[in-house]
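What follows is a set of notes on a single structure, which appears directly below.
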Amino acid sequence: MTHVTPQRLKEMRQEHAARISEPNIRHLFICGGTGCHATGSLKVKDALHEEIAKHGLKDSVRIVETGCNGFCALGPLMVVHPDNVFYQKMTRDDVAEIVSEHLVNNNPIERLMYKDPQSKKRVPLFSDIPFFALQKPWTLRNKGIINPESIEDYIGRDGYMGLSKVLREMQPSDIIDEMKVAGIRGRGGAGFPTGMKWSFAAQNDSDTKYVLCNADEGDPGAFMDRSILEADPHAVLEGMTIAARAINATEGYIYCRSEYPLAIKRVQIAIDQAREMGLLGENIMGTGFSFDIFIYQGAGAFVCGEETALMRSIEGKRGMPIPRPPFPAAQGLWKKPTVLNNVETLANVAQIMVNGGKWYSSVGTENSKGTKVFALSGDVNNIGLVEVPMGTSLRTIVYDIGGGIPKKRKLKAVQLGGPSGGCIPEEHMDVVVDYEEIAKVGAIMGSGGVIVMDDKTCMVDMARFFLEFIQEESCGKCTPCREGTRRQLEILERICEGHGKPEDISLIKELSEMITSSALCGLGQTASNPVLSVLRHFREEFEAHIFEKKCPAKRCPALVEFKVIDERCKKCGKCASVCPVGAVEWKKKEVAKINTELCVQCMSCYSACPFDAID
Amino acid sequence: MSCCSEEISQEMWKEVDSVIERHRDTPGALITVLREAQNVVGWFPQVLIEYIAKGMNIPASDVFGVVSFYSLFSLKPKGRNSIKVCTGTACYVKGAREVIGRISGEFGIAEGETTEDRRFDLEGVRCVGACGLAPAMVVDGDVHGDVTADSVLKILEKYS
Ligand SMILES: Cc1cc2nc3c(=O)[nH]c(=O)nc-3n(C[C@H](O)[C@H](O)[C@H](O)COP(=O)(O)O)c2cc1C
Ligand code: FES
Ligand code: FES
């Protein structure tokens, strides 16, 4: 193996820059993330190759399959460079026109461009789309513009410059100091300062130390780690290697969910490439420093995202947490000093080394520095990945970047932080993203899942949903978590089924206090957060379920009886055609009627009615 | 080579042997071995658990403990096609419950069950990381996005 030299790295960077800015060459960046694969981007890509060959454009057009571009709901999507044109929801059938009209005749195709949900106007230029224009892509700086399976593409974007600098110009303690100046906090949920974590592990002497990357991404509604691994795997490898240098580790593992096959494939390719160039493995860049990385596939258990459980899992055991101390910095994997960081945290490290900690901390709030990636989903127009400076308000994320709520509905709440988080109601939308500020309104930053819920959502049902999740995922080792959350779930199920009792609210609170203070690990300690936040902000909804036996949002089947509002019914018959049990009686030109005896409360008619005539 | 069993063919045993062979000396490899063995056999009949325990030199009760802990591993035979409907938060908010309801109704199976003809098994899984396409469903590894209680049966027609 020949080691790549710093000089060679620089040359490669320039070659790539020249390649991308060659005049007369167009680059088509087509998304190859999981979302776009699912909507058919590979077929579109193949068709593009064929059509381009047919028109003899092979020398003037390059197709680059990138990782997730971030705007998944509009896939398959593509950005044409240097024209700065963004195409969405392409199909095979559009390809001939794209090539002949746009690439040959220079007439971009309007009907495939982004349509603003409010103004209904097409937005021709990629850089004018608010979803992208209002973001600050630091962690996601390479998404949509590099081929994640090409190390050259990564190097062309300053890749491995951070590692090169660290190995030649910095002492391990300098690296840690730089991280402290940056002020970056862990993006996996708890927000622990990364520089501090590394300094603890660096202090402990041992011939073997580990650096682990947490790619378990258990929070439902979060997919930023997946996207980073799929779009920019080398950034994570480089971050881990720099961390290894800082604490003097020899080996690293990426603990990745087996549900993420594309991420696993691309990370493995990246590892092989880095080893090949001497950027990983023995004697990295000829400096005498050695470190290697392996992938460990998880087997599906939410609790394995918890650090001590994750380490047990890599050891081949049941992923059960153990009490701390000793902390992993002293006794982690195989009882050796270990640093565990989240994917997103690690993806920031190389840039901090290149640009300096001061650069990083120039953005953000007093106590939360830099940018944060959010996975925006649920009842919002622009679904996808959003990276904003810390200090941005939730309102900006949901309305300006997210484009507001579809179908003119009203926002009810935003769920933040997954099963350990909480729901933030409309009146607190001006809260800014900052670890402490978000905690003040009863949620947590968590890993960054932002789930927008409109007024059709029942908050009591959501509380039940999260408890069901926790109950299923509790590892069962400690009693408060195993039994306590079960009792809580039973109470909530009872309330949703219409058998709630007045004393239930205080019972839930009492159980919450008990579980939070006595559970063994973070899973149990935070299990009650979603319920408590719903109780805090939506107490009247709880009370409606318990005292009036009503579900105001009409989500709890046992508490709703559907009927047709005669004045609104336009006699179209849609409700009758979707009802799976024939409970809707309808004749042409007549108002529909619902037979409550037959109705199974499946909601089909309610969702299908275009005129809101079913209540 | 080991013994015989109805569920596991001679060929499968051979492959399981090579899986064990490859990882026997790696500390912590049990989960990897189980994952690869399940890829060969499809699920874990008791003989397989005992066989792997012996091969890896780990008590069978520990192996069973691991198999039953992780949701990836199955102690029951599976259907030919696996339907995994995402029940993560984004998908739940967007109607995953109705999608599962429709599949259950059509094929007469609840979550965690397999149809009698072994055509499908149905599982609710937590966030498959395609929340942008919620509600999402994974059939035999293919991700389908924006599924509805109405469109889901059409998608499933293609899997026999
Ligand atoms: C029940 C539970 C599940 C967790 N799941 C994850 C996860 O999926 N991904 C993650 O990065 N961190 C997860 N964490 C947090 C980790 O334990 C750990 O704090 C984090 O990975 C450290 O990295 P960071 O400092 O870079 O954030 C979880 C914690 C708990 C208590
Ligand atoms: S997968 Fe294409 S934009 Fe996310
Ligand atoms: S919640 Fe279903 S894919 Fe994320």
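Pairs A:LYS120/A:LYS407; A:LYS136/A:LYS408; A:LYS180/A:LYS358; A:LYS120/B:LYS94: which are spaced more than 20 Å apart, C-alpha to C-alpha?
A:LYS136/A:LYS408; A:LYS120/B:LYS94
Could you work out, residue by residue across A:307-315, how many beta carbons of other chains sit within 10 Å of that residue's beta carbon, and then give the average as an integer?
The per-residue average across the peptide is 2.
For the peptides A:375-382, A:529-536, A:36-43, A:561-568, what is the packing order when you average, over each peptide's residues, the other Cβ atoms within 10 Å and list the highest mean first?
Output ranking for A:375-382, A:529-536, A:36-43, A:561-568: A:375-382, A:529-536, A:36-43, A:561-568.
With the cut-off at 1.5 for a/c, could you classify segment B:81-156 from its C-alpha gyration tensor as rounded, prolate or oblate?
Prolate shape, in that a/c is at least 1.5 and a/b is the bigger ratio.
Within straight cross-link reach of B:LYS76, meaning Cα distance under 18 Å, which aspartates and glutamates are found once same-chain residues fewer than 8 apart are removed?
Straight-line reach from B:LYS76, under 18 Å: B:GLU6, B:GLU7, B:GLU36, B:GLU50, B:GLU111, B:GLU113, B:GLU116, B:ASP117, B:ASP121, B:GLU123, B:ASP140.
In peptide A:371-383, how many Cβ atoms from other protein chains are near each Cβ within 10 Å, on average?
What the average comes to for A:371-383 is 3.
Where does segment A:86-202 land on Rg/Rh, using Cα atoms and the Kirkwood Rh?
Reported Rg/Rh, Kirkwood definition of Rh: 1.16.
Please state the relative contact order of segment B:81-156 as a whole percent: Cα pairs under 8 Å, 6+ residues apart?
So the answer I get is 41 percent.
Give the lysines reachable from A:LYS587 as a straight Cα distance under 19 Å; neighbours fewer than 8 places away on the same chain don't count.
Excluding near neighbours in sequence, the set is A:LYS563, A:LYS570, A:LYS571, A:LYS574.
In whole Å, what is the distance between the alpha-carbon centres of segment B:99-156 and segment A:313-331?
Cα centroid to Cα centroid, the span is 35 Å.
Is segment A:415-483 best put as rounded, prolate or oblate by its Cα gyration tensor, with a ≥ b ≥ c the root eigenvalues, rounded for a/c under 1.5, and otherwise prolate when a/b is larger than b/c, oblate when not?
Here segment A:415-483 falls in the oblate category.
Would you compute, from DSSP H runs of 4+ residues alone, the mean residue ellipticity of the protein assembly as shown at 222 nm, taking -39500 (n - 2.57) per run and dividing by the full residue count, rounded to the nearest 500?
Helix-only estimate at 222 nm: -11000 deg cm²/dmol.
If we restrict to alpha carbons, what Rg and Dmax does the protein assembly as shown come to, in Å?
For the protein assembly as shown, the Cα-based Rg and Dmax read 26.7, 84 Å.
What is chain A's relative contact order, in percent, from Cα pairs under 8 angstrom and six or more apart in sequence?
12
Toward the positive end of the charge dipole of the protein assembly as shown, about the Cα centre and with charges on Cβ (Lys, Arg +1; Asp, Glu -1), which of A:MET459, A:LEU237, B:VAL47 goes farthest?
Positive-end residue among those listed: A:MET459.
If exposed means no more than 11 neighbouring beta carbons inside 10 Å and the site is in a DSSP loop, what's the longest run of chain B without any exposed GluC sites (Glu not before Pro)?
It works out to B:7-115.
What does a probe at A:PHE327 reach in segment A:160-196, counting residues whose amide N is under 12 Å from the point 7 Å along Cα→Cβ?
The answer is A:192-196, whose backbone nitrogens lie closer than 12 Å to the label point.
Each reported figure results from applying straightforward, stated rules to the coordinates on display, with no laboratory input. Please read all numbers here as calculations on a predicted model, not as lab measurements. Please note: Cβ atoms are built from the backbone with ideal geometry, for glycine as well, and neighbour counts cover all protein chains shown.
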